[in-house]
Amino acid sequence: MKKVISVLLAALMLFSAATVAFAARELAPMIKVDEQTGAQTLKFNADGKFKILQINDTQDTDSMHKRTEEFIRAAVAEVKPDLVVIPGDVCNDIFLGANAKRVKQCLRNLGSLLSELKVPFAYTPGNHDHDKDEMVSPAEQMAVFEEFAYNIHNEGSDPGSYNIPIMSSDGSRMALNVYMIDSQNKDGLANGYTGCTPETTAWYVQKSNELKELNGGKPVPSVVYQHVPVWQIYECLEKVDKKEANNAIFSLNDYEWYKEVEDKMYTDENRMIKKDNYIGEAPCSEVFDTKSGEYEAWLQQGDVMGGFFAHDHVNHFMMQTKDGIILGYNGGTGFAAYGRGSHRSMRVYTFDENDVENFTIDSVYYDDLTGHSFKFYPSDIMSTAIFGDVLRFLFRLVFITPWKGSR
């Protein structure tokens, strides 16, 4: 009798295991699971190329803006990306009547669109997504995207911080690594943002070392995508007196005026053409006295080639730090939030598996893809860059400073 019971129990356990395996999330055909690490991976195409398309700051409610949808469809058709990265602010800051159901629908709309277009995508939250944490936690946000076979998400230090290995075209080695990092929110700070947590920085160092070991002791060339920029983005700016504010931008990080240092902008013609660089507002970065240690960890590990950000919708530029790391923005993509009229954008990063370090950076714009051109859109009135213009006007009025023109 005991033997019969044992056999029945064993059969039940096998059935349960099979049921769990059957219930596991279906993955798109191009997403594989590495047998050694268990990580979801992608790989370079047969021609040795891999394209990443950066979409950010769509900032919708539970109804996707029609122009934003039009832009995404046109960009995916034009670029044919192998991966779409979404470094945050899928949800709008002005989300009247927001609740858990509506926030999830906002996320689901974007996931559904990208899945319909059959392109793998990865997400990490922005500050306005974190504004909804009490309704839908970061783990629950990730779970919404994981409803879709084309979402790629690995275990990391927190739901929004993880890495995606990109294998060579023959699958024999890791040719590229993508870090998606959660840069958190203000968390009570008056100026700037917290940046990624020290725990996430520690996780990054550990993961970087693990990948290095798997790569025969060599750092795996990596790129980082996150919402809020590291403070080192300010290396391309210099502080000026308010009397020079006519050609400067006002920073809410320290309430100072800054202007562009032209020779610090990244203009390598192989990656970026100069006319594509545009600074419309002072970077609203992590706080200047941040304890995240993120950038310093990149230097220590020697694997991060570039860090790419969102958040400041009228910034669209690339710069290179004194340490040789490329930092840069994609301007806002969506029409439900402020931006640059019809010149809303997405970034395109193209990698060659035989020369990964010399990747190219390009842009696609709404007006170029659709033929619709206008300098101003109603949501642009919400631009934080307007604050600097208001200050300039007040300074002129009060101090009668003889500035000519305006930015």
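Need one word for the range 178-327: rounded, prolate or oblate. Basis is the Cα gyration tensor (sqrt eigenvalues a ≥ b ≥ c); a/c below 1.5 gives rounded, then a/b vs b/c decides.
Working: a/c = 2.46, a/b = 1.45, b/c = 1.69.
Because a/c hits 1.5 or more and a/b fails to exceed b/c, the range 178-327 counts as oblate.
Which of the three applies to the range 255-366, rounded, prolate or oblate, going by the alpha-carbon gyration tensor with a ≥ b ≥ c and a/c under 1.5 meaning rounded?
On the way: a/c = 1.62, a/b = 1.11, b/c = 1.46.
In terms of gyration-tensor shape, oblate.
Beyond 34 Å, what percent of the Cα pairs of the chain remain?
Across the chain, Cα pairs with separations above 34 Å total 30 percent.
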Tilt, helix 2-23 to longest principal axis of the chain (alpha-carbon atoms), in degrees rounded to tens, equals 30 degrees
Residue 289 and residue 263 label points (each 7 Å along its Cα→Cβ direction) are spaced in nm at 3.3 nm
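Go through 40-46, 86-92, 57-63 and give me the packing order, highest mean Cβ count within 10 Å leading. Please report the intermediate quantities before stating the final value.
Working: 40-46: 18.1, 86-92: 27.4, 57-63: 22.7.
In decreasing order of mean packing, 40-46, 86-92, 57-63 become 86-92, 57-63, 40-46.
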Cα-Cα longer than 26 Å, checked against 49/218; 51/218; 207/239; 32/207; 51/259, kept in input order, equals 207/239; 51/259
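Could you tell me which of rounded, prolate or oblate describes the range 114-210, using a ≥ b ≥ c as the square roots of the eigenvalues of the alpha-carbon gyration tensor, with rounded for a/c under 1.5 and, failing that, prolate when a/b is larger than b/c and oblate otherwise?
Working: a/c = 2.56, a/b = 1.34, b/c = 1.92.
Oblate.
Multiply the residue separation of residue 93 and residue 242 by 0.36 nm, subtract the distance between their alpha-carbon atoms, and state the gained length in nm to one decimal. Let's see the in-between values first.
Numbers: separation 149, 0.36 × 149 = 53.64 nm, distance 3.04 nm.
Length gained, residue 93 through residue 242: 50.6 nm.
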With Cα springs under 10 Å, the Gaussian network model of the chain assigns the largest mean-square fluctuation among 252, 83, 189 to 189
Relative to the chain, whose Cα atoms define the longest principal axis, helix 386-399 and its Cα axis are tilted in degrees, nearest 10, by 20 degrees
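Extension gain residue 155-residue 215, at 0.36 nm per residue separation less the Cα-Cα distance, in nm? Walk me through the intermediate numbers first.
Numbers: separation 60, 0.36 × 60 = 21.60 nm, distance 1.98 nm.
Gain on extension, residue 155 to residue 215, equals 19.6 nm.
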Between residue 254 and residue 147, the two model label points (7 Å from Cα along the beta-carbon direction) sit apart by a distance in nm of 4.5 nm
With 0.36 nm assigned to each residue of separation and the Cα-Cα distance removed, residue 101 to residue 187 gains 28.5 nm
Two pseudo-spin positions, 7 Å from Cα along C-beta at residue 32 and at residue 112, lie apart in nanometres by 3.3 nm
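Taken together, the values in this text are just the output of simple stated rules run on the coordinates, not laboratory data. Predicted, not measured: the structure shown is a model, and the values here were computed from it. With ideal geometry, Cβ positions are generated from the backbone for all residues, glycine too; neighbour counts draw on all protein chains shown.
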